[in-house]
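A short reminder: the numbers here are calculations on the coordinates, not readings from a lab. Nothing here was measured: the structure is a model prediction, and the numbers come from that model. Virtual Cβ from ideal backbone geometry, glycine too; neighbours counted across all protein chains shown.
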């Protein structure tokens, strides 16, 4: 069964660039390191060889993972969607915590793109799930480890 993986256009671009780097730069470098390490004798006690083989395994696994994600990607270009004044995948939302009046701005993205330091949250995060489909001024309640939080949707951007 195919697992659809939502992703922004930017997220797809980043994964494709990483795949090209892994295949064209990192993989050949690791192969050379393995070849060089073989020249140092007994492979069982050869740290450089063992390390290079581990790196090769990690690299190949990441290549397969990216290829699988790209194969199953549902790439959503927010700029090509007619807006319905509701929160959708790719939206940037401005929300207010009604308990302390703090304001947060988040862009709802695919799981691989999520980076809280850049205010990008996964479509699968509790906040994103709670706001998908909501309109401005909607109030949502979200259970968090610190208790129930209430947020108000102040603004939706499609950028």
query = Hey, what's the Cα Rg ratio for region 1-100 versus the globular rule of thumb, 2.2 N^0.38 Å?
reply = 1.67
inquiry  = Rounded, prolate or oblate for region 52-113? Axes are the square roots of the Cα gyration tensor eigenvalues, ordered a ≥ b ≥ c, and the cut-off for rounded is a/c under 1.5.
reply    = oblate
query = Among bridges DSSP assigns within region 31-159, what percent are antiparallel (round to 5)?
reply = 85 percent
task = Divide by every residue of the chain the summed helix terms, -39500 (n - 2.57) for each DSSP H run of at least 4, and state the resulting mean residue ellipticity at 222 nm, rounded to the nearest 500 deg cm²/dmol.
result = -11500 deg cm²/dmol
key: Extension gain (nm, one decimal) between residue 20 and residue 158, 0.36 nm per residue minus Cα-Cα   = 46.7 nm
ask   = How would you rank 37-45, 110-118, 85-93, highest first, on the average number of other Cβ atoms within 10 Å across their residues?
value = 85-93, 110-118, 37-45
task = Please say if region 78-157 is rounded, prolate or oblate, where rounded means a/c under 1.5 for a ≥ b ≥ c the square roots of the C-alpha gyration tensor eigenvalues, and otherwise the choice is prolate for a/b larger than b/c and oblate otherwise?
result = oblate
remark   = Candidates 148, 71, 22; GNM for the chain (alpha-carbon contacts under 10 Å) flags as most fluctuating 148
ask   = Among 138-145, 52-59, what's the highest-first ranking by average C-beta atoms within 10 angstrom per residue?
value = 52-59, 138-145
task = On a C-alpha basis, how far is the centre of region 4-60 from the centre of region 71-139 in Å? Whole number, if you could?
result = 34 Å
inquiry  = Using Cα springs under 10 Å in a Gaussian network model of the chain, which residue among 127, 31, 63 shows the largest mean-square fluctuation?
reply    = 31
